[in-house]
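The values are calculated or read from the model by the stated rules, or taken from the named source; none is laboratory data. The model shown is predicted, which means the values in this text are computed figures rather than measured ones. In this analysis, Cβ positions are derived from the backbone assuming ideal geometry, glycine residues included, and neighbour counts consider all displayed protein chains.
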């Protein structure tokens, strides 16, 4: 099972820019995508009530059963127009960043490896990476209060140095 084409299902919360990687598979099907949607709804718990819409493309893998998982929670389904990649620009930008920053620089060997690498990127994106739309905060981390004293900055490398994370140390 080495060096086969694999698919990764990703969902992004637009208001917070938080990313959820739902799963990796060799052959995405309607039932698999529907099960990943159910898992997401369970993972979100009570937070799912805060969502109004799901924006998705018109891929045949997104069946009516997939849509029903979200409509049962009161979430409307918005389908992007055909051949309009800018209609879902936030997700497209995240996927492009994943490709440029990681996947173009690392050889993914198998499904286990593909689960690990984007999961590390997901954690980095949600907890460390600054976002302009969030005032340079990360989706799951608020900005620290400004420090007037001399500070020391420590760098932590992830994925063998492909990702750098910086933190202040007193």
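A few comments on the model shown:
- Identity of the residue in region 130-141, touching a helix residue (DSSP H, G or I) at 6+ places or on another chain (Cβ under 9 Å) and either modelled with pLDDT under 70 or assigned to a loop (DSSP other than H, G, I, E, B) (or both), that ends up surrounded by the fewest Cβ atoms within 10 Å (Cβ to Cβ): 140
- Given (1) surrounded by fewer than 17 Cβ atoms within 10 Å (Cβ to Cβ); (2) modelled with pLDDT under 85; (3) touching a strand residue (DSSP E or B) at 6+ places or on another chain (Cβ under 8 Å), number of the condition residue 119 does not satisfy: (2)
Residues checked against (1) surrounded by 14 or more Cβ atoms within 10 Å (Cβ to Cβ); (2) outside any helix (DSSP H, G or I); (3) modelled with pLDDT under 85; (4) out of contact with any helix residue (DSSP H, G or I) (no Cβ under 6 Å at 6 or more places or on another chain):
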site	(1), (2), (3), (4)
96	no, no, no, yes
100	no, no, no, yes
107	no, yes, no, yes
113	yes, no, no, yes
124	yes, no, no, yes
144	no, yes, yes, yes
156	no, yes, no, yes
